[in-house]
1. Out of ILE276, ILE227, ILE270, ILE320, I need the residue that is in contact with a Ser or Thr (Cβ under 6 Å, 6 or more places away or on another chain) and among the β-branched types (Val, Ile, Thr). Which one?
2. Name, by its number, the condition in (1) without any contact (Cβ under 8 Å) to a residue 60 or more places away in the chain; (2) in contact with a Leu (Cβ under 6 Å, 6 or more places away or on another chain) that does not hold for ALA218.
3. GLN228 - would you say it is in contact with a helix residue (DSSP H, G or I) (Cβ under 9 Å, 6 or more places away or on another chain) and under 27 Å from LYS186 (Cβ atoms)?
4. For GLN228, are the conditions met, namely being modelled with pLDDT under 85, within 30 Å of VAL112 (Cα to Cα) and in a helix (DSSP H, G or I)?
5. Might you check whether a residue that is surrounded by 14 or more Cβ atoms within 10 Å (Cβ to Cβ) and within 23 Å of ARG145 (Cβ to Cβ) occurs anywhere in the stretch 275-293?
6. Could you tell me whether the stretch 275-285 includes any residue that is touching a residue at least 40 places away in the same chain (Cβ under 8 Å) and of a type in the set (Val, Ile, Thr)?
7. Among SER231, SER266, SER236, which is the only one that is without any contact (Cβ under 8 Å) to a residue 60 or more places away in the chain and within 20 Å of LYS165 (Cα to Cα)?
Amino acid sequence: MQMQTLALAFFAATAVGGLAWVFLYPLMSGEKQAEKRRSHVARNTPAVRQVERSQRSRREQVEVSLREIEARNAKQKNVPLNNRLTQAGLDWTPKKFITISVSLGAVVFALVMLFDGGLLAATPMAFAAGFGLPRWTLSFLKKRRESKFLKALPDAVDVIVRGIKAGLPLFESIKVVAADAPEPLKSEFNSIIETQAIGMPLGDACVRLYERMPLPEANFFGIVISIQQKSGGNLSEALGNLSKVLRDRRRMAEKIQAMSMEAKASAAIIGSLPPIVMLLVYMSTPDYISLLWTHPMGQLMLAACVVWMSVGVMVMKKMINFDF
């Protein structure tokens with residue numbers, strides 16, 4: 001009986017101690033006050049977080065502006081030939097380009113006719129060599145030049161931002177970029193300096209950068225500087241946000257390129273199989289496949305195959321190019 005009484009007393013004391021630990025200890029130790037203080041601090045967002053959120057919001061605005069500029073520029077496809085030559089980095093005149101294109105088409109037509117290819121095969125091949133190949137080359141040079149420009153632009157913008165924060169004028173910061181930047185960024189910024197030197201305002205000279213480099217990033221760069229020259233504002237912050245957005249877009253483009261390499265490799269294999277098979281068959285049994293360019297029906301079939309292969313390559317290219 002005495003043991004039962006002691007056991008009940010022990011359990012009762014344990015229960016009372018547990019309740020006191022749960023309800024009284026936080027009040028006596030100050031845990032409640034600390035928790036209230038932490039929640040109060042969490043509710044009142046620090047100024048640093050507000051600044052980070054504000055900067056992130058401005059970068060998002062820059063990204064939205066760049067997308068709007070891209071969408072607006074996508075509708076403007078009628079670019080004069082002299083502008084396209086400038087954008088590709090060529091100092092040719094439109095007359096020289098047209099002369100070279102016509103000459104190339106005439107040479108290909110004469111070569112096909114010389115090897116008894118027939119008029120049906122010579123005409124489309126001459127058209128492709130005289131009209132398609134020069135314009136494809138022009139587009140390739142333009143895209144390669146734009147890629148080099150975009151690769152160097154974030155570093156150039158960072159140099160301008162650091163120069164402005166150090167107290168240099170904007171024009172002097174642009175001179176620093178023009179002196180040390182790689183091509184084609186160096187030549188483009190030298191053009192800005194030369195245009196400004198003949199009397200054009202710096203903001204308008206930067207806006208004209210878009211005519212030689214039709215990229216939304218270049219357009220936004222010119223717009224930011226033009227607005228700052230006319231109405232003032234924190235130019236270093238705006239250009240700093242632009243630099244961060246450019247780096248994020250480049251990182252996203254590289255990620256998309258890495259993820260799409262498998263599809264591009266598959267498309268390259270599928271597109272190259274017919275010419276490779278044709279070459280192997282010609283090397284093994286030339287009389288069997290030579291009917292494609294000696295017989296009129298074979299020439300017609302060969303031309304149709306080239307057309308359908310071109311359509312298939314363009315469709316595959318459209319499928320593996322991703323917008324972001």
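The values are calculated or read from the model by the stated rules, or taken from the named source; none is laboratory data. Predicted model, so just to flag it, every value in this text is computed and none were measured. For neighbour counting, all protein chains shown are included, and Cβ atoms are generated from backbone atoms with ideal geometry for every residue, glycine included.
1. From the options ILE276, ILE227, ILE270, ILE320, the qualifying one is ILE320.
2. (1)
3. Yes: the conditions hold for GLN228.
4. So GLN228 fails the test.
5. Within the stretch 275-293, not a single residue is surrounded by 14 or more Cβ atoms within 10 Å (Cβ to Cβ) and within 23 Å of ARG145 (Cβ to Cβ).
6. Within the stretch 275-285, not a single residue is touching a residue at least 40 places away in the same chain (Cβ under 8 Å) and of a type in the set (Val, Ile, Thr).
7. SER231
Every residue, every condition in (1) under 29 Å from ARG144 (Cβ atoms); (2) loosely packed, with under 14 Cβ neighbours inside 10 Å; (3) at pLDDT below 80, yes or no:
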{"residue": "VAL62", "(1), (2), (3)": "yes, no, yes"}
{"residue": "ILE69", "(1), (2), (3)": "yes, no, yes"}
{"residue": "GLN76", "(1), (2), (3)": "yes, yes, yes"}
{"residue": "ASN83", "(1), (2), (3)": "yes, yes, no"}
{"residue": "LEU90", "(1), (2), (3)": "yes, no, no"}
{"residue": "LYS96", "(1), (2), (3)": "yes, yes, no"}
{"residue": "ILE100", "(1), (2), (3)": "yes, yes, no"}
{"residue": "ALA110", "(1), (2), (3)": "no, yes, no"}
